[in-house]
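One structure below.
Just so you know, all these numbers are worked out from the coordinates, no wet-lab data involved. Small disclaimer: the values here were computed from a predicted structure and weren't measured. Glycine also receives a Cβ, built like all others from the backbone with ideal geometry; neighbour counts cover every protein chain displayed.
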Amino acid sequence: MLKKVFISSTHSKKAIAFFEEINKRKEEAKKKFNETTSRIREKLAKNPA
Amino acid sequence: MECYDYFKEQIDDGSVVYLFDTGGASFFTVTFDINLYANHLDRFPYLLKNGYGLSIYPEGEKISSPKISNTIKAILADFLDTEDKEAFLLYHCDYKDKKQAARNRLFQTWYLETKQKCDIYYKYSLEVEIDTGDDGKVKHYVGFISKDENKGKGEAIEEFEQFSVDLVKEGVAKN
């Protein structure tokens, strides 16, 4: 199912802030996941597929 | 279907992370994060309870191949088939490099390819076009994937549609 939404410039600031926050949270989450999986990442780096 | 081997690890907060490498050239992390959208789902209890933020992080050489696509599709299937059959995988195509439309097309292609082989997943897509005023218009692509047989699908769709209404009416960002 596909739904399309248009947000005018009147309401765009909050919507833009929402998407920027999600992007920022993704970057922060990536750091957290990297720390948590550091041992596996090291093993993969030493023994690539 | 030829895939790379992958590792799977559950994080203390309940999130799940998958990792695979393509032989040293590039590395992929696929995460199912229970916290990613939590701040914005307080008015959407069903998605808050069952939603995971899906993210795919490539590192290293920028390469694409059927084997990489197959591995990511296998990881998504593994999560929905074995980790949490009631899950809704919430996604937002990364837009910082302005390639969100290409990512959305690729994601849709993967979904349709999977659907041809086994029609057991459901994808809900929301295309959000924002008039930014000075820079013109920017499109964002969000949505969710779940098992087609998921009994909460109707509630999830209802909440996601309300979410889109809120986005238009007042925005959903929090300070």
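Mind pulling the angle between the C-alpha long axis of helix B:66-78 and the longest principal axis of chain B? Nearest 10 degrees, somewhere in 0 to 90.
Helix B:66-78 sits roughly 70 degrees off the main axis of chain B.
Treating cross-link reach as a plain straight distance, find the aspartates and glutamates whose alpha-carbon is under 12 Å from the alpha-carbon of B:Lys151, omitting any fewer than eight places away in the same chain.
Correct list for B:Lys151: B:Glu86.
Which one, B:Phe28, B:Leu47, B:Tyr121, projects farthest toward the positive side of the charge dipole computed for the protein assembly as shown from Cβ point charges (K/R +1, D/E -1)?
My answer, from the dipole projection, is B:Phe28.
Residues of B:84-95, mean number of Cβ from any other protein chain within 10 Å of their own Cβ, rounded to a whole number?
1
For a test of the definition: using alpha carbon positions, the gyration tensor, and the 1.5 limit on a/c, classify segment B:3-150 as rounded, prolate or oblate.
In terms of gyration-tensor shape, rounded.
Mean-square fluctuation check for chain B, GNM, Cα pairs under 10 Å: which of B:Thr71, B:Thr109, B:Thr31 is largest?
B:Thr109
Rounded to the nearest 20 debye, what is the charge dipole size of the protein assembly as shown about its Cα centre when +1 sits on each Lys and Arg Cβ and -1 on each Asp and Glu Cβ?
Using Cβ point charges on Lys, Arg, Asp and Glu, the protein assembly as shown gives about 400 debye.
Enter the mean number of other protein chain beta carbons within 10 Å of the beta carbon of each residue in A:37-46, as an integer.
Neighbouring Cβ atoms belonging to other protein chains average 3 per residue here.
In terms of the Cα gyration tensor, with a ≥ b ≥ c the square roots of its eigenvalues, is segment B:86-175 rounded because a/c is under 1.5, prolate because a/b exceeds b/c, or oblate?
oblate
Okay, which of segment B:39-72 sit inside 18 Å, backbone N to the point 7 Å along the Cα-Cβ direction of A:Lys24?
Correct set: B:39-41.
Calculated from DSSP H runs of 4 or more alone, at -39500 (n - 2.57) each and per residue, what is the 222 nm mean residue ellipticity of chain B, nearest 500?
-10000 deg cm²/dmol
Please report how far the C-alpha centroid of segment B:1-78 lies from that of chain A, rounded to the nearest whole angstrom.
If you average the Cα positions of each part, the centres end up 11 Å apart.
How well do other chains shield peptide B:125-134, expressed as the mean number of their Cβ atoms within 10 Å of each residue Cβ?
Partner-chain Cβ atoms within 10 Å, mean over residues of B:125-134: 6.
What is the magnitude of the charge dipole of chain A about its Cα centre, with +1 placed on the Cβ of each Lys and Arg, -1 on the Cβ of each Asp and Glu, and no other charges, expressed in debye to the nearest 20?
120
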